[in-house]
Amino acid sequence: MIGNSIIRIAAAAAGALLIGAGCTARLDPAVEAGGEAIGFSAGSALLRDDATKAPLESRTTFGVFAFYQPGTPGAPGAWNGSRTPDFMFNVPVYYDGSAYTYSPVRFWPARQNTLSFWAYCPYEENPDFIRSGRSEAYTSTTPGVPDIRFSVSDGTVDLMTSDILKSLTSAVGTVQFTFHHALSLIDIRVNKQDPESKFTVKLKSVRLDGLYLTGKLNNSSGWGSLADDGSFTVFSGNKVLAETPSYDALDGVMLIPQNLEREDAKLRVEFSLTPVGGGTERTAASEVLLSEVFEDSSAVWEKNKHYTLTLTIAPDDPIAFSVEWSDWGDVYNWHITS
């Protein structure tokens, strides 16, 4: 998406969103009688389209962590890296199409005691979280926010993480999460250039070789520990291509941000040519370094960037390519309300 896409949704009444009110987590004695419940609300999609502002898909869940910070009158509890997420640990918040619910319900502590929040999306019951900068598993007694170990599977997971919301009380009214895309979105468009319409051109496959498909995301420093050098197939089939200026868009894929300056990082395109009016179908393949394809963008895929790669196949010429890139809908805003 070009530029920032900031969506602010008015908070719904918390009472309509809460379930399981008989259970609480680390309830401060000062709020046991009539304390304010923490509710959740949201209202925007994990947008993939440059123009459409679709609603958040129903049956979406994100995970929330909350860090309790005790204070004293005149000295409210403050966030620091030693705080642990024992107030809320990977609590799933579920959207059913009309309301956001979670259980058990949590309540705001007394005013001098504060909460800090962090969240990620989509929710995983057993996420591969590790202690920041370490190798041991992240638990409810681990300080700070976790690193996320992530592996690309089919390229459809839109991994997002929020900023840390520090030292909040119920006085804030609406607590707003800001989520950021952690991956790079790669869209590919393809067409043929055959002015005299002598050939039928069919796209057979588009493959990205030599990619890092596994990495570790740190909330502050970004991606590291990249590994699993492998291939990713963007398209496999038998697509008849349209003539310029029409384009066929392939399904976009979300991949780990990385430097493409490697000899084994390549774009491989396989296609076939068949003379119009009859003749033998001939299959051909073209391969080019990804560092050359994305040279204009410094041969790097960056976090939260949307890249559009255009491929033009001409029967008698090499495949031509061009790349455009922009911010990928920079942030999305969600809400915790009381």
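The numbers here are math on the coordinates, done by the rules we state, and not lab data. These numbers come from a predicted model, not from an experiment. Reconstructed Cβ throughout: ideal geometry from the backbone, glycine too, with neighbour counts over all protein chains shown.
At a glance:
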{"read-out": "12 Å cut-off, amide nitrogen to a point 7 angstrom out along ARG282 Cα→Cβ, residues in the range 291-330", "value": "315-317"}
{"read-out": "Whichever lysines have a C-alpha closer than 23 Å to that of LYS192, once near sequence neighbours (fewer than 8 apart) are set aside", "value": "LYS202, LYS204, LYS239, LYS266"}
{"read-out": "Prolate/oblate/rounded call for the range 75-146, Cα gyration tensor, a/c under 1.5 rounded", "value": "oblate"}
{"read-out": "Ratio Rg/Rh, restricted to the range 76-227 and using Cα atoms, in which Rh is the Kirkwood radius", "value": "1.13"}
{"read-out": "For the range 124-177 and the range 181-214, distance of Cα centres in Å", "value": "34 Å"}
{"read-out": "Cα gyration tensor category, rounded, prolate or oblate, for the range 185-327 with a/c compared to 1.5", "value": "prolate"}
{"read-out": "In the range 93-148, the trypsin sites (Lys or Arg not before Pro) that fall in loop regions by DSSP, at most 13 other Cβ within 10 Å", "value": "ARG134"}
{"read-out": "Long-range amide H partners of GLY71 with built H, under 5 Å", "value": "GLY77, ASN113, THR114"}
{"read-out": "The range 141-216, Rg to Rh (Cα coordinates; Rh as Kirkwood inverse mean 1/r)", "value": "1.23"}
